[in-house]
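Please read the structure below before turning to the comments.
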Amino acid sequence: MAASSSGVDDVGNHNKLDKFDGTDPSQYRRWKRRAQLMLAGLPNTVGKEKYGPRLMEAIKGEAEILLEGIDVDVICADGGDKIIFKALDEKYGPQPVDLLHTALKTFFYELMA
């Protein structure tokens with residue numbers, strides 16, 4: 001019986017989006033993808049102006065402090081989720097130097113092969 005109840009808990013927790021707090025920027029890309037899928041999976045009865053507030057429910061800590069500069073009216077407007085993602089991308093997305101390093105590493109590896 002205990003196994004079945006934990007299985008139900010696993011399914012319930014699997015559908016819930018984890019909160020992103022900004023302490024581990026390497027987790028941002030994975031969290032962003034899950035957040036985008038969560039927003040895409042919302043029922044049609046949820047208006048696009050609710051996407052920003054719904055997304056803010058999954059943000060805490062350092063990342064939430066970063067977003068304090070964005071007015072609540074902007075977050076609650078249509079496209080508020082895009083403004084949130086833009087601000088988070090600037091802070092936690094891959095930096096140009098990292099992208100260049102990865103591209104050069106890939107290029108030279110393939111060149112040697």
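Odds and ends about this structure:
- Matching residues in segment 28-56 - criterion: being without any contact (Cβ under 8 Å) to a residue 24 or more places away in the chain, open to solvent by 40 Å² or more (accessible area, probe 1.4 Å) and either part of a loop (DSSP other than H, G, I, E, B) or over 21 Å from Asp18 (Cβ atoms) (or both): Gly41, Pro43, Asn44, Thr45
- Among residues of segment 69-94, those that are surrounded by fewer than 12 Cβ atoms within 10 Å (Cβ to Cβ) and either in contact with a Cys (Cβ under 6 Å, 6 or more places away or on another chain) or more than 22 Å from Glu49 (Cα to Cα) (or both), counted: 1
- Hits in segment 96-105 - residues which are exposed (fewer than 12 other Cβ atoms within 10 Å of the Cβ) and either modelled with pLDDT of 90 or more or of a type outside the set (Val, Ile, Thr) (or both): Pro96, Asp98, Leu99, Leu100, Ala103, Leu104, Lys105
- Yes/no for Glu64 being out of contact with any Asp or Glu (no Cβ under 7 Å at 6 or more places or on another chain), surrounded by fewer than 10 Cβ atoms within 10 Å (Cβ to Cβ) and modelled with pLDDT of 90 or more: no
- Among residues that are of a type outside the set (Val, Ile, Thr) and at positive phi, Gly47 is not included.
The values are calculated or read from the model by the stated rules, or taken from the named source; none is laboratory data. The structure presented is a predicted model; accordingly, all values stated were derived computationally and were not measured. Because the Cβ atoms are built from the backbone with ideal geometry, glycine has one as well, and the counts that use them run over all protein chains shown. Ligands, DNA and RNA are stripped out before the accessible areas are found, and what is left, the full protein with its side chains, is counted by its heavy atoms. Shrake-Rupley method; radii C 1.70, N 1.55, O 1.52, S 1.80 Å.
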